[in-house]
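Worksheet for the structure shown next.
The values are calculated or read from the model by the stated rules, or taken from the named source; none is laboratory data. Note that the coordinates shown come from a computational prediction; the quantities given were computed from them, not determined experimentally. No Cβ is skipped: glycine too gets one built from the backbone with ideal geometry, and neighbour counts run over all protein chains shown. Protein only, heavy atoms only, side chains kept; ligands, DNA and RNA dropped before computing areas. Shrake-Rupley method; radii C 1.70, N 1.55, O 1.52, S 1.80 Å.
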Amino acid sequence: MVFLIHWPVSLRRRLVYFLIPISLVGSVGMPVCSFGQAAEPLQLSELIQEALTNNPEIAAAAQAWAAAKSRISQAGALPDPMLSLRLQNIGPSPSIGEEEMSMAGLSVSQIVPFPGKRSLSEGAALEESRQMEAMLEETRRRVLAELKRLYFELALVKRSEAMVDEIQKLLKTLTETAQARYSVGEGIQQDVFRAQTELTRLTDRRIRLDQEEKKVKAAINAVILRPPGAALGDPILIRSPKPALTEDLFESAATAQSPMIRGSDRTVAAKEWMLQMARRDRLPDFELSLGYFDRGRFESLYEAMVSMNLPLYYRSRQGARIREAEADLAGAREGLNQDRQKVRLQVSDLYREITTSDRLRTLIEQGLLPQARLSFESAKAGYEVGKVDFLTLLNNLTSLFEDEIGAEEMRFRYQRALAEMEELTGLDLIGSNH
């Protein structure tokens with residue numbers, strides 16, 4: 001703050017006009033925002049590798065796939081054989097060797113499904129494991145897309161903090177200048193109040209940004225399985241190239257590479273196998289058994305038997321199972337069509353977001369920002385010679401600040417949309433991210 005109240009008015013007035021150009025040129029004449037990189041920048045590629053290694057959601061999906069693969073051999077295996085002990089006695093006391101019908105022996109039985117049933121069951125389990133593999137890939141892409149979004153959001157927050165800090169410095173200088181002018185009768189008290197109000201608003205915004213930074217860093221740490229308060233460096237600025245693909249090409253890539261579509265397709269294939277299994281269930285299974293029975297002094301007995309079940313209740317059992325499998329298959333096919341349509345809609349929305357945010361960012365950087373800087377410089381020059389009032393200078397400064405923030409927000413929206421498009425298509429759109 002500048003205090004000149006003990007000096008003669010004429011001298012104070014001359015000193016104020018001398019100090020104003022120096023203070024404004026020394027502060028406002030510099031670039032409004034300058035950003036330096038941290039000594040140890042936060043690398044997106046390193047975060048991705050750490051997420052692939054440590055993320056619990058990815059690990060759980062990998063274990064689910066491993067479990068599904070283990071069920072393939074189980075589905076095609078024969079049921080466990082049965083071992084039976086048989087004692088047959090005539091009379092109140094053991095009579096083996098005395099009575100011809102008294103005996104003791106063992107038998108082994110094995111249920112054998114009708115030919116083709118085991119291979120159908122194994123085929124259904126194989127398709128289910130492929131579905132779990134697609135879910136693992138979907139989980140990986142979703143987690144990495146979220147990590148990239150958080151990384152870019154942290155970059156936006158850090159750059160916004162730097163801009164707020166720069167604007168706060170400028171506003172403090174303007175506040176001191178307004179106070180100095182008011183002290184010599186060349187300004188109005190409203191200018192001082194307005195400058196202090198804007199400074200308070202910026203302080204509030206800075207506090208909110210600091211809280212947002214902590215929140216985003218905690219979210220990043222959660223993705224890579226670190227403690228919420230673990231230290232993270234500052235993200236580096238990634239300038240992603242413009243994709244050279246049209247919306248139709250994006251849609252084709254998403255349709256071919258989307259894990260959600262691939263998983264739904266595997267679900268349909270599994271339901272087709274299950275329908276064949278239900279139809280084959282109309283055919284009987286067999287039970288084979290062999291036995292040996294000792295009768296003491298009498299000749300031993302050997303037994304061989306073949307049994308089969310009779311599907312007498314076809315209408316209420318096997319027929320109902322077929323109808324159930326047909327309905328499940330129809331539902332899976334509708335789900336596949338729904339997922340395809342959903343992916344098309346997501347691609348269309350993301351493509352519009354990519355193109356729109358890029359155009360808006362270009363418009364701000366090449367149109368609004370240069371104009372805002374010129375307006376601010378012109379207002380600053382006019383204010384220094386008393387031709388522009390303080391409110392006009394302050395409005396030009398806040399407009400320049402908002403345009404700077406707007407450009408960063410458009411960059412964030414652009415890169416976030418690219419990350420989400422990567423999740424859908426499997427394409428590398430961010431650049432320098434692996």
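Overview of results
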{"item": "Sulfur and carbon atoms: percent of accessible area, the chain [1.4 Å]", "result": "55 percent"}
{"item": "Label point distance in nm, Glu303-Asn337, each placed 7 Å from Cα along Cα→Cβ", "result": "5.7 nm"}
{"item": "Most fluctuating residue given options Leu83, Leu174, Leu209, as computed from a GNM of the chain linking Cα atoms under 10 Å", "result": "Leu83"}
{"item": "Listed residue (Gly263, Ser307, Leu329) projecting farthest to the positive dipole end of the stretch 260-393, Cβ model", "result": "Leu329"}
{"item": "Choice from Arg86, Arg141, Arg266 showing the highest fluctuation, given a GNM over the chain with Cα pairs closer than 10 Å", "result": "Arg86"}
{"item": "Radius 9 Å from Cβ of Ala134, net charge of other residues (Lys, Arg +1; Asp, Glu -1)", "result": "-1"}
{"item": "Listed residue (Asn396, Thr425, Ser357) projecting farthest to the positive dipole end of the stretch 348-434, Cβ model", "result": "Asn396"}
{"item": "Mean accessible surface per residue for the chain, computed with a 1.4 Å probe while every protein chain stays in place, in Å²", "result": "55 Å²"}
{"item": "Structure-based [θ]222 nm, the chain - -39500 (n - 2.57) summed over DSSP H runs of at least 4, per residue, nearest 500", "result": "-23500 deg cm²/dmol"}
{"item": "Inter-centroid distance (Cα atoms) of the stretch 309-379 relative to the stretch 252-280, Å", "result": "18 Å"}
{"item": "Relative contact order computed over the stretch 121-220 (Cα-Cα under 8 Å; 6+ residues apart), in percent", "result": "35 percent"}
{"item": "Amide H contacts under 5 Å for Leu225, placed H, 5+ residues apart", "result": "none"}
{"item": "Cβ-based charge dipole, the chain, positive-most Cα from Ala77, Ala162, Leu47", "result": "Ala162"}
{"item": "Of Thr175, Thr392, Thr255, the one that fluctuates the most in a GNM where the chain has Cα springs shorter than 10 Å", "result": "Thr392"}
{"item": "Neighbourhood net charge (14 Å Cβ-Cβ; Lys/Arg +1, Asp/Glu -1) for Ser102", "result": "-2"}
{"item": "The stretch 293-434, dipole about Cα centre (Lys/Arg Cβ +1, Asp/Glu Cβ -1), debye to the nearest 20", "result": "720 debye"}
{"item": "When each of Lys217/Lys342; Lys169/Lys214; Lys148/Lys214; Lys148/Lys215 is checked by Cα-Cα distance, pairs over 27 Å", "result": "Lys217/Lys342"}
{"item": "Separation between Cα centres of the stretch 163-237 and the stretch 395-434, rounded to whole Å", "result": "22 Å"}
